1. Go through the range 57-93 and give me each residue that's without any contact (Cβ under 8 Å) to a residue 24 or more places away in the chain and out of contact with any strand residue (DSSP E or B) (no Cβ under 7 Å at 6 or more places or on another chain).
2. Go through the range 152-179 residue by residue and tally those that are part of a loop (DSSP other than H, G, I, E, B) and of a type outside the set (Asp, Glu).
3. Got a number for residues in the range 34-56 being in a strand (DSSP E or B) and in contact (Cβ under 8 Å) with a residue 24 or more places away in the chain?
4. Just name the residue that is nearest to Ile192 (Cα to Cα) out of those in the range 13-29 that are assigned to a helix (DSSP H, G or I) and aliphatic (A, V, I, L, M).
5. Just wondering, is there one or more residues in the range 46-55 that are buried (at least 18 other Cβ atoms within 10 Å of the Cβ) and under 19 Å from Arg220 (Cα atoms)?
6. Can you tell me which residue in the range 87-116 is farthest from the chain's Cα centre (by Cα), limited to those that are under 26 Å from Gly172 (Cα atoms) and among the β-branched types (Val, Ile, Thr)?
7. Out of everything in the range 116-129 that is over 20 Å from Asp24 (Cα atoms), among the hydrophobic types (A, V, I, L, M, F, W, C) and buried (at least 19 other Cβ atoms within 10 Å of the Cβ), what residue ends up being farthest from the ligand (Cβ to nearest atom)?
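The values are calculated or read from the model by the stated rules, or taken from the named source; none is laboratory data. These numbers come from a predicted model, not from an experiment. Neighbour counts run over all protein chains shown; Cβ positions are idealised from the backbone, glycine included.
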Amino acid sequence: MILTPEQKAAFWRDGFLPYPTLLDAGELAELQQLTEDIAYGRVDIPADIKGIPVLEKEAVIASGDVQAASALDELRKINFPASIHTSFLAVAKKPKIVDLISELLEEPDIKLLGDQIFMKPPGHGSVKEYHQDSASWPFLIPQNQITCWIALDDATLENGCIRCIPGSHTYGLLQLKHLPQLLTEEMKEQEIPNPIPAGGCLLFHSLNLHFSSPNTSDKRRRAWALHYMIAKTKDLSAADEIHVDYISVRGRSFAGFV
Ligand SMILES: O=C(O)CCC(=O)C(=O)O
(Lines give C-alpha, C1' and ligand atoms only; values in the text may rest on other atoms or scores of the structure.)
Protein backbone atom coordinates (compact mmCIF):
# COMPACT_ATOMS: atom_id res chain seq x y z
CA MET A 1 0.00 0.00 0.00
CA ILE A 2 1.39 3.44 -0.81
CA LEU A 3 -1.37 5.44 0.90
CA THR A 4 -1.64 5.48 4.66
CA PRO A 5 -5.08 4.83 6.23
CA GLU A 6 -5.06 8.54 7.23
CA GLN A 7 -4.49 9.69 3.63
CA LYS A 8 -7.25 7.42 2.37
CA ALA A 9 -9.64 8.64 5.06
CA ALA A 10 -8.77 12.27 4.23
CA PHE A 11 -9.53 11.68 0.54
CA TRP A 12 -12.96 10.21 1.29
CA ARG A 13 -13.73 12.87 3.92
CA ASP A 14 -12.67 15.90 1.85
CA GLY A 15 -12.95 14.60 -1.71
CA PHE A 16 -9.32 15.47 -2.52
CA LEU A 17 -5.78 14.68 -1.42
CA PRO A 18 -2.49 16.40 -2.28
CA TYR A 19 0.29 13.91 -3.08
CA PRO A 20 3.46 15.96 -3.56
CA THR A 21 5.89 13.37 -4.99
CA LEU A 22 4.72 11.45 -8.03
CA LEU A 23 6.95 11.88 -11.10
CA ASP A 24 10.71 11.48 -11.06
CA ALA A 25 12.86 14.31 -12.42
CA GLY A 26 13.39 12.56 -15.78
CA GLU A 27 9.66 12.01 -16.33
CA LEU A 28 8.87 15.59 -15.40
CA ALA A 29 11.52 17.03 -17.75
CA GLU A 30 10.34 14.79 -20.60
CA LEU A 31 6.69 15.81 -20.23
CA GLN A 32 7.56 19.50 -19.91
CA GLN A 33 9.65 19.24 -23.09
CA LEU A 34 6.85 17.40 -24.90
CA THR A 35 4.36 20.18 -24.19
CA GLU A 36 6.82 22.54 -25.89
CA ASP A 37 7.42 20.19 -28.81
CA ILE A 38 3.66 19.88 -29.33
CA ALA A 39 3.12 23.65 -29.08
CA TYR A 40 5.95 24.37 -31.54
CA GLY A 41 4.70 21.71 -34.00
CA ARG A 42 7.76 19.47 -33.59
CA VAL A 43 5.71 16.29 -33.08
CA ASP A 44 2.99 14.92 -35.32
CA ILE A 45 -0.40 15.08 -33.67
CA PRO A 46 -3.90 14.77 -35.10
CA ALA A 47 -5.86 18.03 -35.44
CA ASP A 48 -8.75 16.46 -33.58
CA ILE A 49 -9.94 13.24 -32.00
CA LYS A 50 -13.59 12.37 -32.62
CA GLY A 51 -14.20 16.01 -33.57
CA ILE A 52 -12.60 17.45 -30.41
CA PRO A 53 -9.58 19.66 -31.26
CA VAL A 54 -6.33 18.47 -29.71
CA LEU A 55 -5.00 22.02 -29.32
CA GLU A 56 -7.15 24.78 -27.84
CA LYS A 57 -5.98 28.38 -27.72
CA GLU A 58 -6.74 30.82 -24.94
CA ALA A 59 -9.80 32.88 -25.95
CA VAL A 60 -7.87 36.18 -25.80
CA ILE A 61 -5.31 34.74 -28.20
CA ALA A 62 -7.92 33.32 -30.58
CA SER A 63 -9.72 36.68 -30.63
CA GLY A 64 -6.49 38.58 -31.30
CA ASP A 65 -6.89 40.70 -28.13
CA VAL A 66 -3.56 39.47 -26.75
CA GLN A 67 -0.34 38.52 -28.55
CA ALA A 68 1.52 35.67 -26.82
CA ALA A 69 5.29 35.74 -26.43
CA SER A 70 5.54 32.23 -27.94
CA ALA A 71 3.41 29.42 -29.39
CA LEU A 72 3.62 27.73 -25.98
CA ASP A 73 1.90 30.68 -24.36
CA GLU A 74 -0.96 30.66 -26.85
CA LEU A 75 -2.43 27.38 -25.62
CA ARG A 76 -5.16 26.88 -23.07
CA LYS A 77 -5.30 23.10 -23.44
CA ILE A 78 -3.72 20.05 -25.03
CA ASN A 79 -6.48 17.45 -25.16
CA PHE A 80 -5.92 13.68 -24.87
CA PRO A 81 -2.12 13.58 -24.42
CA ALA A 82 -2.22 9.86 -23.57
CA SER A 83 -3.92 9.17 -26.91
CA ILE A 84 -1.49 11.23 -28.99
CA HIS A 85 1.95 10.35 -27.60
CA THR A 86 3.46 7.15 -26.20
CA SER A 87 5.44 8.98 -23.49
CA PHE A 88 2.22 10.38 -22.03
CA LEU A 89 0.60 6.96 -22.31
CA ALA A 90 3.50 5.34 -20.46
CA VAL A 91 3.14 7.78 -17.56
CA ALA A 92 -0.66 7.34 -17.53
CA LYS A 93 0.05 3.63 -16.85
CA LYS A 94 2.79 4.30 -14.28
CA PRO A 95 2.33 1.77 -11.45
CA LYS A 96 2.57 4.42 -8.73
CA ILE A 97 -0.32 6.41 -10.24
CA VAL A 98 -2.45 3.34 -10.86
CA ASP A 99 -1.71 2.12 -7.30
CA LEU A 100 -3.02 5.41 -5.89
CA ILE A 101 -6.23 5.15 -7.91
CA SER A 102 -6.68 1.46 -7.26
CA GLU A 103 -6.15 1.88 -3.50
CA LEU A 104 -8.63 4.74 -3.29
CA LEU A 105 -11.28 2.95 -5.37
CA GLU A 106 -10.49 -0.44 -3.80
CA GLU A 107 -10.61 -2.13 -7.20
CA PRO A 108 -7.81 -3.86 -9.12
CA ASP A 109 -9.11 -3.20 -12.65
CA ILE A 110 -8.68 0.42 -13.77
CA LYS A 111 -9.25 2.41 -16.97
CA LEU A 112 -8.35 5.89 -18.12
CA LEU A 113 -11.41 7.69 -19.45
CA GLY A 114 -9.65 10.79 -20.79
CA ASP A 115 -7.03 13.42 -20.05
CA GLN A 116 -5.96 16.94 -20.89
CA ILE A 117 -3.19 19.41 -20.07
CA PHE A 118 -4.29 22.81 -18.76
CA MET A 119 -1.52 25.14 -19.92
CA LYS A 120 -2.38 28.29 -17.87
CA PRO A 121 0.16 30.57 -19.59
CA PRO A 122 1.64 33.49 -17.59
CA GLY A 123 -0.31 36.74 -17.76
CA HIS A 124 -3.38 35.54 -19.63
CA GLY A 125 -4.03 31.92 -18.50
CA SER A 126 -7.78 31.90 -17.99
CA VAL A 127 -10.01 30.89 -15.10
CA LYS A 128 -11.53 27.43 -14.82
CA GLU A 129 -14.85 28.09 -13.13
CA TYR A 130 -16.24 25.92 -10.35
CA HIS A 131 -17.37 22.54 -11.63
CA GLN A 132 -17.56 18.83 -10.92
CA ASP A 133 -15.71 16.62 -13.41
CA SER A 134 -18.63 14.15 -13.39
CA ALA A 135 -20.74 16.83 -15.15
CA SER A 136 -18.66 16.03 -18.25
CA TRP A 137 -19.53 12.34 -17.95
CA PRO A 138 -23.11 12.10 -16.69
CA PHE A 139 -23.34 8.88 -18.69
CA LEU A 140 -20.87 6.97 -16.48
CA ILE A 141 -22.31 4.75 -13.77
CA PRO A 142 -21.23 4.80 -10.97
CA GLN A 143 -20.21 8.47 -10.79
CA ASN A 144 -17.09 7.51 -8.95
CA GLN A 145 -14.11 8.65 -11.00
CA ILE A 146 -10.83 10.07 -9.70
CA THR A 147 -8.74 12.76 -11.36
CA CYS A 148 -4.98 12.66 -10.88
CA TRP A 149 -3.97 16.27 -11.58
CA ILE A 150 -0.22 16.34 -12.09
CA ALA A 151 1.58 19.67 -11.75
CA LEU A 152 4.07 20.05 -14.63
CA ASP A 153 5.19 23.39 -13.13
CA ASP A 154 4.95 24.52 -9.53
CA ALA A 155 1.26 25.32 -9.02
CA THR A 156 0.97 28.22 -6.57
CA LEU A 157 -1.64 30.55 -5.11
CA GLU A 158 -0.54 33.16 -7.66
CA ASN A 159 -0.51 31.12 -10.86
CA GLY A 160 -3.76 29.20 -10.43
CA CYS A 161 -3.46 26.11 -8.24
CA ILE A 162 -6.65 24.05 -7.78
CA ARG A 163 -9.06 25.19 -5.05
CA CYS A 164 -11.53 22.64 -3.67
CA ILE A 165 -14.66 22.78 -1.53
CA PRO A 166 -14.13 20.03 1.07
CA GLY A 167 -16.93 17.49 1.32
CA SER A 168 -18.68 18.65 -1.87
CA HIS A 169 -18.22 15.20 -3.44
CA THR A 170 -21.08 14.09 -1.17
CA TYR A 171 -23.59 16.48 -2.81
CA GLY A 172 -24.26 14.26 -5.84
CA LEU A 173 -24.20 15.58 -9.40
CA LEU A 174 -25.21 19.24 -9.58
CA GLN A 175 -26.40 21.23 -12.58
CA LEU A 176 -24.18 24.15 -13.60
CA LYS A 177 -27.16 26.52 -13.46
CA HIS A 178 -27.60 25.74 -9.74
CA LEU A 179 -23.99 26.47 -8.74
CA PRO A 180 -24.35 30.25 -8.22
CA GLN A 181 -26.98 29.60 -5.55
CA LEU A 182 -24.76 27.08 -3.82
CA LEU A 183 -21.48 28.96 -4.05
CA THR A 184 -22.24 31.72 -1.56
CA GLU A 185 -19.44 33.78 -0.01
CA GLU A 186 -19.83 31.66 3.14
CA MET A 187 -19.36 28.48 1.12
CA LYS A 188 -16.35 29.92 -0.71
CA GLU A 189 -14.71 30.69 2.64
CA GLN A 190 -14.39 26.91 3.05
CA GLU A 191 -12.38 26.69 -0.17
CA ILE A 192 -8.98 25.00 0.26
CA PRO A 193 -6.18 26.07 -2.11
CA ASN A 194 -3.79 23.26 -3.04
CA PRO A 195 -0.31 24.46 -4.02
CA ILE A 196 1.49 21.48 -5.59
CA PRO A 197 5.18 21.30 -6.52
CA ALA A 198 6.08 20.33 -10.09
CA GLY A 199 6.01 16.54 -10.35
CA GLY A 200 3.47 16.17 -7.53
CA CYS A 201 -0.26 15.69 -7.90
CA LEU A 202 -3.64 16.48 -6.46
CA LEU A 203 -6.08 13.58 -6.43
CA PHE A 204 -9.73 14.59 -6.45
CA HIS A 205 -13.09 12.88 -6.70
CA SER A 206 -15.14 13.52 -9.84
CA LEU A 207 -17.98 15.00 -7.76
CA ASN A 208 -15.72 17.41 -5.89
CA LEU A 209 -16.38 21.08 -6.66
CA HIS A 210 -13.16 22.76 -7.70
CA PHE A 211 -11.87 25.85 -9.43
CA SER A 212 -8.65 27.48 -10.66
CA SER A 213 -8.09 31.23 -10.87
CA PRO A 214 -6.64 33.11 -13.87
CA ASN A 215 -2.86 33.18 -14.06
CA THR A 216 -1.97 36.83 -13.64
CA SER A 217 1.56 35.97 -12.50
CA ASP A 218 4.66 35.74 -14.67
CA LYS A 219 5.05 31.99 -13.97
CA ARG A 220 3.65 29.33 -16.31
CA ARG A 221 1.37 26.70 -14.71
CA ARG A 222 0.94 23.56 -16.79
CA ALA A 223 -0.93 20.61 -15.26
CA TRP A 224 -2.00 17.28 -16.73
CA ALA A 225 -5.38 16.01 -15.53
CA LEU A 226 -5.89 12.26 -15.92
CA HIS A 227 -9.34 10.85 -15.22
CA TYR A 228 -9.55 7.24 -14.03
CA MET A 229 -12.41 4.85 -13.30
CA ILE A 230 -12.98 1.24 -12.34
CA ALA A 231 -13.26 -1.17 -15.28
CA LYS A 232 -16.71 -2.15 -13.99
CA THR A 233 -18.16 1.22 -15.00
CA LYS A 234 -21.20 1.34 -17.28
CA ASP A 235 -21.23 3.81 -20.15
CA LEU A 236 -24.78 4.94 -21.02
CA SER A 237 -23.66 7.63 -23.46
CA ALA A 238 -25.87 8.74 -26.33
CA ALA A 239 -24.64 9.49 -29.85
CA ASP A 240 -24.11 13.20 -29.11
CA GLU A 241 -21.95 12.54 -26.03
CA ILE A 242 -18.47 12.18 -27.46
CA HIS A 243 -15.47 10.81 -25.60
CA VAL A 244 -12.24 9.13 -26.62
CA ASP A 245 -11.75 5.38 -26.41
CA TYR A 246 -11.14 4.23 -22.86
CA ILE A 247 -7.66 2.90 -22.13
CA SER A 248 -7.05 -0.06 -19.83
CA VAL A 249 -4.22 0.84 -17.46
CA ARG A 250 -4.40 -2.23 -15.20
CA GLY A 251 -6.18 -5.55 -14.98
CA ARG A 252 -9.23 -6.94 -16.69
CA SER A 253 -11.96 -5.64 -18.97
CA PHE A 254 -15.55 -6.83 -18.58
CA ALA A 255 -18.23 -7.45 -21.21
CA GLY A 256 -20.93 -4.78 -21.01
CA PHE A 257 -18.70 -2.30 -19.18
CA VAL A 258 -16.30 0.44 -20.36
O1 LIG B 1 -5.94 22.85 -14.29
C2 LIG B 1 -6.91 23.61 -14.21
O3 LIG B 1 -6.78 24.82 -14.16
C4 LIG B 1 -8.30 23.05 -14.16
C5 LIG B 1 -8.32 21.56 -14.02
C6 LIG B 1 -9.68 21.01 -13.73
O7 LIG B 1 -10.56 21.71 -13.34
C8 LIG B 1 -9.91 19.58 -13.91
O9 LIG B 1 -8.99 18.83 -14.25
O10 LIG B 1 -11.07 19.19 -13.72
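1. Ala62, Ser63, Gly64, Asp65, Gln67, Ala69, Thr86, Ala90
2. Final tally of qualifying residues: 14.
3. 4
4. Looking at residues that are assigned to a helix (DSSP H, G or I) and aliphatic (A, V, I, L, M), I get Leu28.
5. Yes, the range 46-55 has at least one match.
6. Ile110
7. Step by step, filter the range 116-129, then rank; the result is Met119.
A quick yes/no check of all residues on (1) over 21 Å from Gln7 (Cα atoms); (2) of a type in the set (A, V, I, L, M); (3) out of contact with any strand residue (DSSP E or B) (no Cβ under 6 Å at 6 or more places or on another chain):
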| site | (1), (2), (3) |
| --- | --- |
| Ala151 | no, yes, no |
| Gln175 | yes, no, yes |
| Leu182 | yes, yes, yes |
| Glu241 | yes, no, yes |
| Ile247 | yes, yes, no |
